[in-house]
Amino acid sequence: MTNPLVTGRPASPRAGFTLVEVMVALLIFALLSAAGVLVLSQSIDNRFAVKAATDRTAELQRLRATLRADLGQAAPRRARAADGQAALSPILGAEAPGDALLVLVRAGWSNPDGRPRASLQRVEYRLVEDRLERRVYPHLDGARPGPPQVLYRGASAPALAFISQGAEAPRFIASPERPLPDAVRLDLTLEGYGPIRQLFVVGGGR
């Protein structure tokens, strides 16, 4: 090999990238990275949106299933209030602000441990702020409800109607001949769905 220092010929320039080429490459890489971050961010947002919608659907299905089970096994058993004095109707709707939305006695309360208690259970539904809650009473008579089970968050504008012999009324008056209504209609405005009307048949526990 000929040594350029010996021959006196100049050395050939080393191959490489110019500053402009490097800047263009960095710009392209930055644009691709930004596009990738945008796509990833949108995918994450979509995932959270789908999860939120799925959770809402699950809450609505749980609410409907719970109401259907309670009302479908409603029993014509009167209960006494916490003071132990007045005998209440087997099924009650709210009569004043602050009252429970719905109170009833239901059958079908399983007892796998064989505890000394009744197979009936008193339950109530109450709207607290925007939460629709279900509470159960430890005893049928003279007890206060236990801790709440939140069935739906984002509920408002509740309206309850009892249907008996083809007529609707906001309150049901039990009688020996008709201790329970035929059906209960519940109107609610639910976040994510809007106004919803639900109709439940009453009386599997008659």
Out of 75, 100, 52, any idea which swings most in a Gaussian network model of the chain, alpha carbons joined below 10 Å? 52
(1) 1.55; (2) 1.12; (3) 0.99: which one is Rg/Rh (Cα atoms, Kirkwood Rh) as calculated from this entry? (1)
Summing -39500 (n - 2.57) over every DSSP H run of at least 4 in the chain, dividing by its residue total and rounding to the nearest 500, the 222 nm mean residue ellipticity is -10000 deg cm²/dmol
Cut-off 10 angstrom, C-alpha nodes, Gaussian network model of the chain. Which of 158, 147, 179 fluctuates the most? 147
Normalised per residue, the volume of the convex hull around the Cα set of the range 23-74 (Å³): 25
Most fluctuating residue given options 128, 39, 105, as computed from a GNM of the chain linking Cα atoms under 10 Å: 39
List the extent of the Cα atoms of the range 134-206 along each of their three principal axes, largest first, rounded to whole Å. 41, 34, 19
With +1 assigned to the C-beta of every Lys and Arg and -1 to the C-beta of every Asp and Glu, and no other charges, what is the dipole magnitude of the chain about the Cα centre in debye, to the nearest 20? 520
Once normalised by the length of the chain, the mean sequence separation of its alpha carbon contacts under 8 Å that are 6 or more apart gives a contact order in percent of 18
Nearest 10, in degrees from 0 to 90: the angle of helix 19-72 to the longest Cα principal axis of the chain is 10
For residue 149 and residue 201, calculate 0.36 nm times their separation in residues minus their Cα-Cα distance, and state this gained length in nm to one decimal. 16.5 nm
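The numbers here are math on the coordinates, done by the rules we state, and not lab data. Since the structure is predicted, the reported quantities are computational estimates derived from the model, not experimental observations. Every residue, glycine as well, gets a Cβ built from its backbone with ideal geometry; the counts of neighbours run over all protein chains shown.
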